[in-house]
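Single-structure report; data block below.
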Amino acid sequence: MAGTLLGVDVGGTQIKAARVSGQGQILELLRIATPDGLNGFRKAAQEIIAALGADAPPVGVGCKGIIETGTTRVAVLPGTLHYLEGQRLSDLFAGAGEVRADNDARAALLGECRWGAAQGRQHVLMLTLGTGVGGGVLSAGRALRGAGGVGGHLGHLTVNPDGELCICGNRGCLETVFSSRAIESAAAAAIHRGVPSALLEASQPVSCDQVFDAARAGDVLAADIVARATHTLAAAIAGLALTFDPEIVILGGQIAGAGDLLFDPLRAELVKRTRLMLKRDLPVVRAQLSDASGVCGAAALALES
Ligand SMILES: [Zn+2]
């Protein structure tokens, strides 16, 4: 398998690892439930290296949180993977080729630049819309990292100065309004208030997918929740577009699968908010690398210099 790469996506529920060709094709994929402690993680990492790293391929690791790219050290990682803080991913995944590591959303952006929707682009905004909202900014061909690696955390853009508290310590962040958790909380609160909706008949608690499905079927409450969240997302992207002047905006993550129900109102609102300054259409497209884009993006990290 000469010329192939090993991409590893460290997520809160699963670690996905794959051999990826130099053209971004997944050749072999392995999934391991994310261990709940460091010893278990060490074992899982070595299992991956034993299964997929025998011929010492270059390794790219995408991980949540703030990763020091020079050393691969996990600097900040709140939540269930907190035990990785202070660890070097190059130590944990030692045994194959050189290990490079970065934030998972930034890895997804680099994957899209190399093999997906952003090929040939120099200025790109990417948001991953899932449980939370990840982000990445490519400016003049370089992924923005900022002074300490925090740059590009677009999910923590403040969209309401007095909004809900966020896991990051700020309040009113984009992901407190538009994320699967935020949409599920909005639905649960409305159901609790007794607002009439088909969602009352669904098994509780309702999922973000169920809210989008009900909105598509014409449920007034679900449609209202989706419309309000999308309105805020559009306003946030408009501000980002005027800040970074991207050629293209790429949306990845689970909620991007909602298709036209999300993209149509988003594009319309974005045109209204940006056309005076941009004087051009700003394409908003779905990420091209499939649900395993985490591993392709991570593999793309292995090619970064
Ligand atoms: Zn936040």
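What tally of residues in the stretch 187-197 results from selecting those that are assigned to a helix (DSSP H, G or I) and either crowded, with 16+ Cβ neighbours inside 10 Å or at positive phi (or both)? Give the steps one after another, and end with the answer.
Step one: of the stretch 187-197, the residues assigned to a helix (DSSP H, G or I) are 187-192.
Among the residues that remain, those that are also either crowded, with 16+ Cβ neighbours inside 10 Å or at positive phi (or both) are: 187, 190-191.
Counting residues in the stretch 187-197 that are assigned to a helix (DSSP H, G or I) and either crowded, with 16+ Cβ neighbours inside 10 Å or at positive phi (or both) gives 3.
Pairs, please: C-beta under 9 Å, at least 6 apart or cross-chain, first residue on the phi > 0 side of the Ramachandran plot and in the stretch 224-252, second of a type in the set (A, V, I, L, M) and open to solvent by 60 Å² or more (accessible area, probe 1.4 Å)?
What qualifies is D245/M277.
Considering (1) exposed (fewer than 14 other Cβ atoms within 10 Å of the Cβ); (2) in contact with an Asp or Glu (Cβ under 9 Å, 6 or more places away or on another chain); (3) not hydrophobic (A, V, I, L, M, F, W, C), say which one S203 fails and leave the rest.
In the conditions (1) exposed (fewer than 14 other Cβ atoms within 10 Å of the Cβ); (2) in contact with an Asp or Glu (Cβ under 9 Å, 6 or more places away or on another chain); (3) not hydrophobic (A, V, I, L, M, F, W, C), S203 misses (2) alone.
Restricting the stretch 68-80 to residues that are at pLDDT below 95 and in contact with a Lys or Arg (Cβ under 8 Å, 6 or more places away or on another chain), which is surrounded by the most Cβ atoms within 10 Å (Cβ to Cβ)?
Ranking the qualifying residues of the stretch 68-80, first place goes to L77.
If you go through the stretch 144-162, how many residues are open to solvent by less than 20 Å² (accessible area, probe 1.4 Å) and more than 10 Å from the ligand (Cβ to nearest atom)?
Qualifying residue count, the stretch 144-162: 4.
Would you check if G218 is open to solvent by 50 Å² or more (accessible area, probe 1.4 Å), out of contact with any Ser or Thr (no Cβ under 6 Å at 6 or more places or on another chain) and either under 25 Å from L270 (Cα atoms) or more than 16 Å from the ligand (Cβ to nearest atom) (or both)?
Details: open to solvent by 50 Å² or more (accessible area, probe 1.4 Å): yes; out of contact with any Ser or Thr (no Cβ under 6 Å at 6 or more places or on another chain): yes; either under 25 Å from L270 (Cα atoms) or more than 16 Å from the ligand (Cβ to nearest atom) (or both): yes.
Yes, satisfied.
Quickly run through the stretch 123-143 and pick out the residues that are within 16 Å of the ligand (Cβ to nearest atom) and open to solvent by 60 Å² or more (accessible area, probe 1.4 Å).
Result: T131, single match.
Output the residues belonging to the stretch 107-122 that are open to solvent by 10 Å² or more (accessible area, probe 1.4 Å) and either in contact with a Lys or Arg (Cβ under 8 Å, 6 or more places away or on another chain) or not in a helix (DSSP H, G or I) (or both).
C113, A117, Q119, G120, R121, Q122
Go through the stretch 166-186 and report how many residues are assigned to a loop (DSSP other than H, G, I, E, B), polar (S, T, N, Q) and near the ligand (Cβ under 8 Å from one of its atoms). Quick ask: steps written out before the conclusion?
The initial filter retains those residues of the stretch 166-186 that are assigned to a loop (DSSP other than H, G, I, E, B), namely 166-170, 172, 177-179.
Narrowing the set further to residues that are polar (S, T, N, Q) leaves 170, 179.
If we keep only those that are near the ligand (Cβ under 8 Å from one of its atoms) too, we end up with 170.
Looking only at that region, the number is 1.
Farther than 30 Å from L157 by Cβ, part of a strand (DSSP E or B), open to solvent by less than 30 Å² (accessible area, probe 1.4 Å) and at pLDDT 95 or above: which single residue out of I32, I49 fits that description?
Working: I49 fails: part of a strand (DSSP E or B).
I32 is the lone residue from the list that is farther than 30 Å from L157 by Cβ, part of a strand (DSSP E or B), open to solvent by less than 30 Å² (accessible area, probe 1.4 Å) and at pLDDT 95 or above.
Here are I26, I15: which of them is touching a Cys at 6+ places or on another chain (Cβ under 8 Å) and among the β-branched types (V, I, T)?
Among I26, I15, only I26 is touching a Cys at 6+ places or on another chain (Cβ under 8 Å) and among the β-branched types (V, I, T).
Any idea which of (1) within 11 Å of the ligand (Cβ to nearest atom); (2) in a helix (DSSP H, G or I) is the one F212 doesn't satisfy?
Result: F212 passes all but (1).
Could you please find all residues in the stretch 124-150 being among the β-branched types (V, I, T) and part of a loop (DSSP other than H, G, I, E, B)?
Of all residues in the stretch 124-150, those among the β-branched types (V, I, T) come to 124, 128, 131, 133, 137, 150.
Of everything in the stretch 124-150, those that are among the β-branched types (V, I, T) and part of a loop (DSSP other than H, G, I, E, B) turn out to be T131, V150.
Going by the structure shown, is D281 in a loop (DSSP other than H, G, I, E, B) and not small (G, A, S)? Step through it out loud before you land on a result.
Numbers: in a loop (DSSP other than H, G, I, E, B): yes; not small (G, A, S): yes.
Yes, satisfied.
Mind telling me which of the residues G12, G37 ends up being open to solvent by 10 Å² or more (accessible area, probe 1.4 Å), within 18 Å of the chain's Cα centre (by Cα) and of a type in the set (G, A, S)? Quick ask: steps written out before the conclusion?
On the way: G37 fails: within 18 Å of the chain's Cα centre (by Cα).
Of G12, G37, the one residue that is open to solvent by 10 Å² or more (accessible area, probe 1.4 Å), within 18 Å of the chain's Cα centre (by Cα) and of a type in the set (G, A, S) is G12.
If I ask for residues that are open to solvent by 30 Å² or more (accessible area, probe 1.4 Å) and more than 18 Å from the chain's Cα centre (by Cα), which ones from the stretch 163-183 would you list?
Hits for the stretch 163-183 are E164, L165, G169, N170, R171.
Do you know which residues across the stretch 8-29 are part of a strand (DSSP E or B) and touching a residue at least 40 places away in the same chain (Cβ under 8 Å)? Explain how you work it out, then say what you get.
Going through the stretch 8-29, the residues part of a strand (DSSP E or B) turn out to be 8-10, 14-20, 26-29.
The answer is V8, D9, V10, K16, A17, A18, V20, I26, L29.
The values are calculated or read from the model by the stated rules, or taken from the named source; none is laboratory data. Predicted model, so just to flag it, every value in this text is computed and none were measured. Neighbour counts are summed over all protein chains in view; Cβ atoms, including those assigned to glycine, are modelled from backbone coordinates with ideal geometry. The accessibility values were calculated without ligands, DNA or RNA, using every heavy atom of the protein model including side chains. Shrake-Rupley method; radii C 1.70, N 1.55, O 1.52, S 1.80 Å.
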